[in-house]
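Undergrad: Dumping the structure here so I can ask a few things about it.
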């Protein structure tokens, strides 16, 4: 009996010291940009679990998640790539891989992480488990709008060169590159449709977007929504808008218009304009609520204390919220019952009930910006 008692006592001690078991399906990260750290949050109880320090310059940080949702890969503006263990709330590995980076993506099979760089340009591909560098694709220009695509490919745009590149990383040490030139002036961001077929790059230097069918990449890029601001003087742009695959609601894609107080509606069946929706200011993000019935929009300075909600069926704004000053980002829980909104100047992350628009929680945060939830962002693109 004595060995059994000792074993039972040992198990009891271990149970007291081990962290509680949990899954990662309701976990996420909130970037505290001024502090160089992230908040580990859980959405079921709407609480902050931990703060993870030492992630460097997070002034334009983004994150993607591993296939199993345990790890987050955080891309810092200082060229840092950090692998964060969500269950242990700590940095697993960190490398400085460039002088200035702007985001990244994880491959379809989850084995590779690609980082998009401003300085020196190009992308670098790493082993997702060890962060061992595997290869580099130099571009000679700033990389923007990187996303993952089927077939362990990465797709991105070149701001100065006006090109879209498709990198096949099936052999990650010798990636194959396809270049699509002459897509338009100054592509500033891009996204891939949820089915992984179409990549769309927004153009800052002219009105319009560039579309590539990844099933037929040899056909090159097609211009869509060309000249949408024709005949009108654009407004000064205080903050570059962003494009995301989660701007897709059913057959429609909702896109911020450059230098205009409008959200553009694109019909993905015909790739033609389906409408325009007048909004409060210059939109930055247009994010579709899961289910596709509504699209939530935030705005650039100086009108950035407002979030507007668009009803997709009615194609008009049906609600206006004031969650706080300088709303930088918003995100939804996987089934869309909560919206998480970062208010930088109020130092808070505000959680809103999407059915009633009631405030459910207000979590203190230091200059919060990006919000990344595991079940919504296990991959960057499709």
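Undergrad: Which order, highest average first, do 265-274, 344-353 follow once you tally other Cβ atoms within 10 Å for each residue and take the mean per peptide?
TA: Values: 265-274: 15.3, 344-353: 19.5.
In descending order of packing, they fall as 344-353, 265-274.
Undergrad: Next up: Efficiency by 1/(1 + (r/R0)^6): what FRET value for residue 35 and residue 185, r their Cβ-Cβ distance, R0 = 45 Å, to the nearest 0.05? Please report the intermediate quantities before stating the final value.
TA: On the way: r = 37 Å, r/R0 = 0.82.
It comes out at approximately 0.75.
Undergrad: Now, a different point. Averaging sequence separations of C-alpha pairs under 8 Å and six or more residues apart, then dividing by the length of the chain, give the relative contact order as a whole percent. Each step should come with its number before you reach the end.
TA: Details: 1065 pairs, mean separation 44.3, N = 382.
Worked out over the chain, it gives 12 percent.
Undergrad: Shifting gears a bit: Tell me the mean residue ellipticity at 222 nm calculated for the chain from its helices only (DSSP H runs of n ≥ 4, each -39500 (n - 2.57), averaged over every residue, nearest 500). Display every interim value, and only then the final one.
TA: Details: 1 runs with 16 residues, N = 382.
Computed mean residue ellipticity for the chain: -1500 deg cm²/dmol.
Undergrad: Next up: Most mobile of 133, 20, 283 per a Gaussian network model of the chain (Cα springs, under 10 Å)?
TA: So, out of 133, 20, 283, the one fluctuating most is 20.
Undergrad: Could you tell me how many cubic angstrom of Cα convex hull volume the stretch 177-218 has per residue? All intermediate terms of the calculation are to be shown ahead of the outcome.
TA: Working: hull volume 3.2 nm³, N = 42.
Taking the convex hull of the Cα positions in the stretch 177-218, it is 75 Å³ per residue.
Undergrad: In addition: Compute the angle between helix 2-17 and the longest alpha-carbon principal axis of the chain, please, reported from 0 to 90 degrees and rounded to the nearest 10.
TA: 30 degrees
Undergrad: Now, a different point. Under 14 Å from a point 7 Å along the Cα-to-Cβ line of residue 171: which residues of the stretch 120-151 have their amide N that close?
TA: It comes to 135, nothing else.
Computed from the coordinates by the stated procedures, all read-outs in this text should not be read as laboratory data. Computed from a prediction, not measured in an experiment: that's the story for all the values here. A quick note on method: Cβ atoms are made from the backbone with ideal geometry, for glycine too, and the neighbour counts reach across all protein chains shown.
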